[in-house]
Amino acid sequence: MGKQRITIAGAILLAALVLMGRLLTMQAADGYTFKAIDVPGSSMTVASNIDLVGHVVGYYADDNGTHGFLYVNGAYSRIDYPGAGWTAVFGISNTGQVVGGYGANDTAGGRHGFLFAGGAFSSFDVPGSTDTLARGVNNRGQVVGDYLGTDGVRHGFRLSGGSYTTIEIPQSGDGSANGINDSGQVVGVSGSGTGTTSFILDGTSYSKIAFPNNNFTQVWGLNNVGDFVGQIDSLQSPSRGFRRTGSTYSIVNFPDSTSWDARGVNDLGQIAGSFTGKDGRIHGY
């Protein structure tokens with residue numbers, strides 16, 4: 001992994017203002033300041049999540065395939081699971097743990113979840129599944145994601161203390177767990193397309209999440225102060241990113257783009273995601 005990747009956790013003491021000082025490229029009317037994130041040489045970059053001090057993780061594509069990345073103070077580090085044909089990073093904790101998925105090639109199926117912590121990779125699969133992805137991790141080391149069940153349907157899961165628990169709205173039959181915070185709250189989705197239902201799990205109680213007066217809501221991530229983020233309108237372009245704070249929903253108004261999302265939010269309210277630029281390419285922010 002190299003020196004930069006091994007010291008992810010050690011960099012946690014950096015001040016969040018270091019990143020904030022760099023955010024100067026685009027200013028939205030609602031007060032958000034945006035900075036595009038593009039891995040050099042990439043044809044596509046997606047920012048998946050952001051930790052407390054502004055370290056951003058995600059994945060990108062170049063001529064050699066798909067790779068995960070860590071972005072710290074303007075510098076990019078590539079994250080590739082050893083021997084894998086592709087790697088994607090979806091989550092990072094404030095303690096420097098990183099989770100995602102990898103596989104032999106970019107086609108769906110045969111994927112595995114992974115955790116990168118303390119300079120070492122560990123791979124895992126939900127028992128009986130032929131396809132597992134890890135999407136979120138909290139500071140307690142609990143991991144959430146989704147897997148292909150023996151019934152041929154995808155289901156959400158939580159991995160805690162070596163034990164797996166299925167996470168999905170009762171009687172929904174399918175789903176994905178996309179994010180988890182330190183109190184154990186989990187956000188995710190059930191269904192697909194116009195039938196998608198987003199939820200938050202608090203203890204044993206599921207509550208549905210629906211952006212007001214919109215037919216599609218996909219929730220991607222949450223923080224430790226109760227905020228969560230996602231996208232509305234559609235899972236595909238065009239879409240818009242949103243944030244909910246308390247009981248208030250708001251659009252994350254991204255300037256100069258017709259399609260964007262919001263994938264991760266830290267405890268300071270900083271958001272990571274992706275947008276489609278005027279060049280037609282997908283960029284992280």
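Annotations for the structure displayed:
- Of the strands (runs of 3 or more DSSP E) lying entirely inside region 164-282, those containing at least 3 residues that are within 30 Å of V39 (Cβ to Cβ) and free of Cβ contacts under 8 Å to residues at least 60 places away in the same chain are 176-180, 186-190, 217-222, 228-232, 240-245.
- In region 107-139, residue nearest to V265 (Cα to Cα) [restricted to those that are out of contact with any strand residue (DSSP E or B) (no Cβ under 8 Å at 6 or more places or on another chain) and touching a residue at least 40 places away in the same chain (Cβ under 8 Å)]: N139
- Test: residue in region 263-271 that is modelled with pLDDT under 95 and surrounded by 13 or more Cβ atoms within 10 Å (Cβ to Cβ): no
- Criterion applied to L23, L17 was being at pLDDT below 95, surrounded by 14 or more Cβ atoms within 10 Å (Cβ to Cβ) and of a type in the set (A, V, I, L, M, F, W, C), and the one residue passing it is L23.
- Leading residue by the ranking (farthest from the chain's Cα centre (by Cα)) among those in region 65-82 that are modelled with pLDDT of 95 or more and part of a loop (DSSP other than H, G, I, E, B): P82
- Here the condition is being touching a His at 6+ places or on another chain (Cβ under 7 Å) and at pLDDT 95 or above; of T217, T276, T245, T166, it holds for T166 alone.
- The lone exception for S207 - which of (1) modelled with pLDDT of 95 or more; (2) of a type in the set (G, A, S); (3) under 21 Å from S48 (Cα atoms) it fails: (3)
- Tallying residues that are buried (at least 24 other Cβ atoms within 10 Å of the Cβ) and in a strand (DSSP E or B) within region 48-64 yields 8.
The values are calculated or read from the model by the stated rules, or taken from the named source; none is laboratory data. Every value quoted in this text rests on a predicted model; they were computed, and no experiment measured them. Neighbour counts run over all protein chains shown; Cβ positions are idealised from the backbone, glycine included.
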